[in-house]
Structure formats: structure tokens, C-alpha cells
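Bear in mind that the values in this text are calculations on the coordinates, not laboratory data. Everything numeric in this text was worked out from a predicted model, so none of it was measured. Glycine gets a Cβ as well: all are built from the backbone with ideal geometry, and neighbour counts include every protein chain shown.
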Protein chains: 2
Amino acid sequence: MAKYVDIAKQLKSKILKGEYTSEVPLPDQISLAVIFKTSRVTIQKALDLLINEGLIYSKQGSGTYVKQNINLLSKFDFTIDQYVGTTELMRGHTVTSDVIDYDVRLPQPKEQENLNLAFSDAVYDFYRLRIVDDVPWKMEHSIMPVKVVPGLNQGVLKHSIYRYMRADLGETIGAAYRIIRAAQPNAYDRRYLSATSDTPMLEVEQIVSLADGTPFEYSFTRNRYDEGSIVVYHPERPML
Amino acid sequence: MAKYVDIAKQLKSKILKGEYTSEVPLPDQISLAVIFKTSRVTIQKALDLLINEGLIYSKQGSGTYVKQNINLLSKFDFTIDQYVGTTELMRGHTVTSDVIDYDVRLPQPKEQENLNLAFSDAVYDFYRLRIVDDVPWKMEHSIMPVKVVPGLNQGVLKHSIYRYMRADLGETIGAAYRIIRAAQPNAYDRRYLSATSDTPMLEVEQIVSLADGTPFEYSFTRNRYDEGSIVVYHPERPML
DNA sequence: CAGTGGTCTAGACCACTAA
DNA sequence: TAGTGGTCTAGACCACTGT
């Protein structure tokens, strides 16, 4: 574990425990360097992680402060700052999956492009109804390349794909592109999520990649408008 | 302008011009340091910016590569990786605003909390219909504190608030929290955006802050489901 | 094994804030 | 003016990839 990640974890833990508040700045970077027996640059890398999570902010010439309003999330809101699957996101709840449909086939042109595949690279194509605490919650339609995620059988699908990839395949999940939109309900929404013709749906289309840049998931996830929203934090960044 | 930002801009420009492709890695960090007459750490900070924009990725022991699929955005999609107002986002199009409603009043409790205000700090409360190329596009409902954004009259509202803040007030826009959801159409949607009872709406609730952490905007922006979606990129980050 | 990115150091100077 | 964060350097060692 890199030292700056470790320091960021310790600082985050202190912030969440309320040991640093928004009243008073954190210790300055040089003091932190002394406290953690490291250099100032390493402290800055640690603080950068917390800034990117929206936990703190720095003000040149003044200090580093804890942000207020760190908690706007309601129960089924869906944070996607770092990628974890539904199973992990809903820790403390019972998450199960009904596999509605499962197929292995050749990819369509759009899938070839988004997943960077040859026309002859087979893909899984499956629908899963994600159920939280026995209540149907989201409908997922996923396309994943067989060569990138081998051994993805229905047993794995009933549980957690992400856990399987990390634990069994030893892969590290990396970046994700997401397109978020509202949509009219389709036949699956009506059948499995109790949507009617005037129930707005929230849809997330996403391409998720491994740490080395290989895309491994192209999926569409939908839920009723009253069953969850998406929370995004955007730190300040220089315009390029 | 910081050197690493400048380098990032130059590299981005080369990537967009196709001078670096996904076939061949970028020059290694030491070569880049020589080319730009700087140190390796500065090169790394520049590359970090491009990684966070999703333009490139690095693979330890191998090299730094340009990502493929850099273009999934359709005309009215709405990227929010770095914050710019609608006016700037839609460069090349004619953006105008009808001010539907304008009021100055005391803040409600939720607004006090989200904007970090005392009960006696007045806020602007206004609705704007944003019109692109003469077509009604989005309905914005904004609450902004008078003390943070003084002089926000209807003349400014007709044009660009963000331009006013940057150019006239000299402020730097910083981070933003956003909650994205689907919603049923309300009276404004029906009246101004031609929504009917079965037209799903996409709503973005956001708190935007200045660079120094002061929140200055609490707003709700809505558009029809078929008039734009939101694109988000999430780089890989260590879990804290 | 050579080449690459990831991390870390000790120190320097600058830009900005606040008293 | 003292204290703080922002940037930058020159160099070191480690972890990983690919041959």
C-alpha cells in the first residue's frame, strides 16, 4: 500500500469521526509531514485524494479545511465516485439477482466498438433483476466479452460479478464512462419493476474498463424514478 | 499558468490532432521531461490531468497510451467533468434565456444548509428557460445568495451568470455536487417544454461552490428525456 | 535484463492570506 | 510580515512489463 493512500485513509477516518471539523483548518502540510514521518509532497498527494472525494478543500495562503454538507445521500442513492458493484454498494442490505435472460453470441458493431472487440469475439448478453431486501430494484442489461471475463456462468451472475473478477480473476476495476438519461418505460420495466406508461425511468449506460484500459462491461441499468438517483461530485480542475 | 497545466494542454492538443494514437505509447516520462525542459514529477502531474479527463491511461512497466472511444457524445449531451455554464457549453449555438420568475427573499432551512447561510441572508430565487437556437431546451430553478453574487439583476440573467461571475466579480468556479434523477413532468415542464403527462424528465439538482469552498448556487435543472443526457467520466481512484 | 511508470525525498521559490 | 498552500527540481529506489 502506497504511503500517501494510507495517510489519506487515516485522515479520512479522522474527518468522519469528527476529529477535524470545518471550524478549524487541518494541521498545515509541514506539520502533517512531521506527524506522518514523510515529505511534504507525499502529504500533498494524500490531500489530493481527499479533495477529489470532496471531503476537504485547500485555500492558498490560508489552510486546508473540512467541507460541510458531506451527507446529502438518501438510502437508495447511488454514488459512483469510485466503482463498486451493486452488491458492495448496498452493504448492510440483502442483494440478490434473478437472471432473466442469458446468452452467448457474437457482438454487434456498436458493442465491438465500445468493447474494442473483433467481430469474432464472443460476448455474454444477460439481463439481471437486482433485488434489494426482497424488493425488485434495478434491471441490468450487460454485454461482456468472454475473452476478458472467462467463466461467467449463471452461478456467478446470481451473486457478484465484481467480486468474482477481483477475487477469482485477480483483476482490478479501473475507469468508467457513463451516460445518464431519463427514459420511457419499456416492457421489462413494466413487467419486473411495476412501471406503468407514465412512470419515468432513470437509465445509466456505461462502459467500464480494467486498470490497464481494457473495456470489459457495456451495460444499461434502469430503475424507476422514485427508486434512486445518482450522486456525482466534481472537484475543481484546470481547464485544458 | 502552471507549467504542468501548460504541458497538459499541449499534450491534449496533440492527442486531439491525432499526433499520438492508441497504437503506440506516448514518449516515456523521462523523454517528455527532456522535451519540455522540466522534471519528471511535473510531467507526471500533467499526465494526471489527462488521465482524469479520460484521455490517456498508464500501465506500469509498459507505457502511457491514448484511449480509444474518446467520442460518444451527441449534440445535446451534457458533459460535466469541468464546470462551465450552459452558455459556454453550447459554444457555436445561440443561447438565450427567458427569465420566467425573479424574486429576492429569505432562505428556507434546506437552502440555508446547502448554501451555508444564516436565516437572515437574502437569496435570489429565479426560473430561467434556456433556449438554444430558438428552441426551448432546459428549465432552471436557481437559488443564489445575494452576499456571494451581488448585482445579479435581470440583465445578467438574460445572458450568462458564469461569465458575469468570472469577468465582473473575478470569482473562480470550483467544485460541484450533483444529484441526477428522473422525474414526472410538472406544470413548468408542460407549459414551457411541451411535456405531457407521460414525458419523462431528467433533473439535475446541484450545489456549486467557488474555489475557496463557498457555495453560491443551489439549483434544479430539467429537460425532456429526449432533449439531452449527462456524460460522466470516472477515473480509477484508490479506495479510501 | 532493460525499460517503463509509481512512489518518495529534501529542499527551494513563489503566490496568496491574514493579522 | 509570518504562515500557508502551489509549484518545481534532481535524484533515488521500487514494481511491473516485455523480451
- Place a point 7 Å from the Cα of A:ASN186 in the direction of its beta carbon; the residues of the stretch A:117-142 whose amide N falls under 16 Å from it are A:125-130, A:138-142
- Per residue, how much space in cubic angstrom lies within the convex hull of the C-alpha atoms of the protein assembly as shown? 167 Å³
- Task: Between the alpha-carbon centers of the stretch A:192-240 and the stretch A:116-139, tell me the distance in whole angstrom.
- Result: 14 Å
- Message: As I understand it, the dipole of chain A uses +1 on the Cβ of Lys and Arg and -1 on the Cβ of Asp and Glu, about the Cα centre. Which of A:GLN44, A:SER97, A:THR214 lies farthest toward its positive end?
- Response: A:GLN44
- Message: Under 19 Å between alpha carbons, and skipping anything fewer than 8 positions from B:LYS14 in its own chain: which aspartates and glutamates qualify?
- Response: B:ASP6, B:GLU23, B:ASP28, B:ASP48, B:GLU53
- Cβ-vector label at 7 Å, B:GLY63, separations to other copies in nm: 4.8
- Global form of chain A, assessed from the alpha-carbon gyration tensor, a/c cut-off 1.5: prolate
- Task: Taking a label point 7 Å out from Cα toward Cβ, give me the nm distances from B:GLU19 to the same spot in the other copies, shortest first, one decimal.
- Result: 4.9
- Query: What residue among A:PRO27, A:PRO136, A:PRO200 shows peak mean-square fluctuation when chain A is described by a Gaussian network model with Cα springs under 10 Å?
  - Reply: A:PRO27
- Query: Hey, with R₀ at 22 Å, roughly what FRET efficiency would A:VAL5 and A:ARG237 work out to, going by the Cβ-Cβ distance, to 0.05?
  - Reply: 0.60
- Note on the structure: Phi-derived 3J(HN,Hα) across the stretch A:26-31 with the Karplus relation (6.51, -1.76, 1.60, θ = phi - 60°), rounded Hz, x for Gly and Pro, is 4, x, 5, 4, 5, 4
- Message: I want to check the label-to-label distance for B:ALA122 and B:VAL135. Put each point 7 Å from Cα in the C-beta direction and report it in nm to one decimal.
- Response: 3.9 nm
- Query: Straight-line reach from A:LYS147: which aspartates and glutamates have a Cα under 17 Å away, not including same-chain ones fewer than 8 places off?
  - Reply: A:ASP103, A:GLU111, A:GLU113, A:ASP121, A:ASP125, A:ASP168, A:GLU171, A:ASP212, A:GLU217
- Would you mind giving the mean number of other chain beta-carbons within 10 Å of the Cβ of each residue in A:223-234, as a whole number? 6
- Message: Relative contact order of the stretch B:91-228, please, whole-number percent, based on alpha carbon pairs below 8 angstrom and at least 6 residues apart.
- Response: 24 percent
- Report, for B:GLU113, each distance to the same residue's label point in the other copies, shortest first and in nm; define the point 7 Å along Cα→Cβ. 4.4
- Task: Rank-order B:139-151, B:162-174 by packing density, defined as the average count of other C-beta atoms within 10 Å over each peptide's residues, highest first.
- Result: B:139-151, B:162-174
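Ignore the peptide's own chain and count Cβ atoms of other chains within 10 Å of each Cβ in B:194-204; give me the average, rounded.
So the per-residue partner count for this stretch is 4.
Summarise the partner chain shielding of A:51-60 as one whole number: the mean count of Cβ atoms from other chains within 10 Å of each residue's Cβ.
Mean partner-chain Cβ count within 10 Å for A:51-60: 3.
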- Query: Within the set A:LYS37/B:LYS59; A:LYS45/B:LYS12; A:LYS12/B:LYS45; A:LYS9/A:LYS67, which residue pairs have Cα atoms separated by over 18 Å?
  - Reply: A:LYS37/B:LYS59; A:LYS45/B:LYS12; A:LYS12/B:LYS45
- Item | Ranked list, fewest to most other Cβ atoms within 10 Å of each Cβ, for B:GLU217, A:GLU111, A:GLU19 | A:GLU19, A:GLU111, B:GLU217
- Item | In Hz, Karplus ³J(HN,Hα) per residue of the stretch A:204-220 (6.51, -1.76, 1.60; θ = phi - 60°; x = Gly, Pro) | 10, 9, 9, 10, 10, 10, 6, 4, 8, x, 6, x, 10, 9, 10, 9, 10
- Message: Please list, ordered by chain and number, the residues whose modelled amide H lies under 5 Å from the amide H of B:ASN116; skip anything fewer than 5 residues away on the same chain.
- Response: none
- Query: Under 20 Å from a point 7 Å along the Cα-to-Cβ line of B:GLN44: which residues of the stretch A:205-240 have their amide N that close?
  - Reply: A:211-213, A:238
- Task: Enumerate the calculated ³J(HN,Hα) couplings along the stretch A:168-177 in order (Karplus 6.51 cos²θ - 1.76 cosθ + 1.60, θ = phi - 60°), each rounded to whole Hz, writing x wherever the residue is Gly or Pro.
- Result: 8, 9, x, 8, 10, 6, x, 8, 9, 9
- Potential lengthening between B:ASP168 and B:GLU23 on full extension [0.36 nm per residue; Cα-Cα distance subtracted]: 47.6 nm
